[in-house]
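Structure first, commentary second.
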Amino acid sequence: MKEKLDKLMPLVYSYCQHTNMDSDYIREKILEALYRIHNKARGKKSLLVGIRDLTQEVKKDLPKIKENEVFSNTRFLIENEFVKEEAIENYFANNKFGNSKPSYKYCLTKEGLAYFEHGSKFDKSNVFAGIGDITGDGNNIIIGNQNTIANIANAQFVEGHKLAEDLRRRVNALGELPDEQKISIQSDLETIKSQLAKQQPDTGILQKAKDNIAFLADITAVATPTIALLTWLSTQFHF
């Protein structure tokens, strides 16, 4: 009996996890699936995956996920520049039957890749990926691309910089926050990163920025990286 229960528990856990998850959790798993595909690819052709195969890859983490859920959340990731959609023409069918519809396949954009590989000195992805048009009326200040950790003066702050950058990208991928709020959070996280680039950060500025983003710990999709950053800051600077 115990052996049967041991076998059933992972399935029960997976089912409960699926029934309680939100859209951002599904999007996270889609990105992770595409990243696995990216790392296994041996050429450009194998980088691209159709929705059916993508669903099968996502099922490794979410066994109960349905293809329509993967599709709708992949559309969200496309609109927010994390995933690229490519139309693949069937030239054989076109030549033989004419007017053949293309199939559509998906892969990570550079912003999607940077979601996992941020911190590299070669990372030139858009720091505002996941946020809508911010060029409109000139009221928003763009701090600039500060993705790299090459200019941090004190090596002991590198981990904090990485945690802040990881959280920034995850916040931008959230569907439940309006763009204005994402930009405000972005500003606080860039403030933290810029302070950590100094030899002696201003702890007053850091604490204010930390307090501003503390509410993110209540959002399931970003709770873990938020708590990791808040804990690191509190431990490092004793506030």
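The values are calculated or read from the model by the stated rules, or taken from the named source; none is laboratory data. Computed from a predicted model, the values in this text were never measured in an experiment. Backbone-built Cβ (ideal geometry, glycine too); neighbour counts: all protein chains shown.
Quick look at the values:
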item: Residues satisfying the stated conditions in segment 170-183, i.e. in contact (Cβ under 8 Å) with a residue 12 or more places away in the chain and either aromatic (Phe, Trp, Tyr) or in a helix (DSSP H, G or I) (or both); result: Arg170, Val171, Asn172, Asp179, Lys182, Ile183
item: Residue satisfying condition, being surrounded by fewer than 10 Cβ atoms within 10 Å (Cβ to Cβ), under 26 Å from Asn172 (Cα atoms) and either among the hydrophobic types (A, V, I, L, M, F, W, C) or modelled with pLDDT of 90 or more (or both), within set Asn39, Asn20; result: Asn39
item: Pairs, first in contact (Cβ under 8 Å) with a residue 40 or more places away in the chain and farther than 12 Å from Ile37 by Cβ in segment 48-65, second among the aromatic types (Phe, Trp, Tyr) and part of a strand (DSSP E or B), C-beta under 9 Å, six or more apart; result: Ile51/Tyr104; Ile51/Tyr106
item: Residue count for segment 207-236, restricted to those that are surrounded by 17 or more Cβ atoms within 10 Å (Cβ to Cβ) and not hydrophobic (A, V, I, L, M, F, W, C); result: 3
item: Among residues of segment 188-239, those that are under 21 Å from Leu174 (Cβ atoms), of a type in the set (Val, Ile, Thr) and assigned to a helix (DSSP H, G or I), counted; result: 9
item: Hits in segment 32-47 - residues which are hydrophobic (A, V, I, L, M, F, W, C) and either in contact (Cβ under 8 Å) with a residue 40 or more places away in the chain or not assigned by TED's automatic domain parsing to the domain that holds Glu86 (or both); result: Leu34, Ile37, Leu47
item: Residues that are in a helix (DSSP H, G or I), touching a Ser or Thr at 6+ places or on another chain (Cβ under 7 Å) and either under 18 Å from Ile37 (Cα atoms) or at pLDDT 90 or above (or both), drawn from segment 66-105; result: Glu67, Val70, Asn73
item: Tabulated pairs, segment 76-92, first aromatic (Phe, Trp, Tyr), second modelled with pLDDT under 90 and surrounded by 13 or more Cβ atoms within 10 Å (Cβ to Cβ), C-beta under 8 angstrom, 6+ apart or interchain; result: Phe76/Ser23; Phe76/Gly175; Phe82/Glu111; Phe82/Tyr115; Phe82/Ala129; Phe82/Gly130; Phe82/Ala173
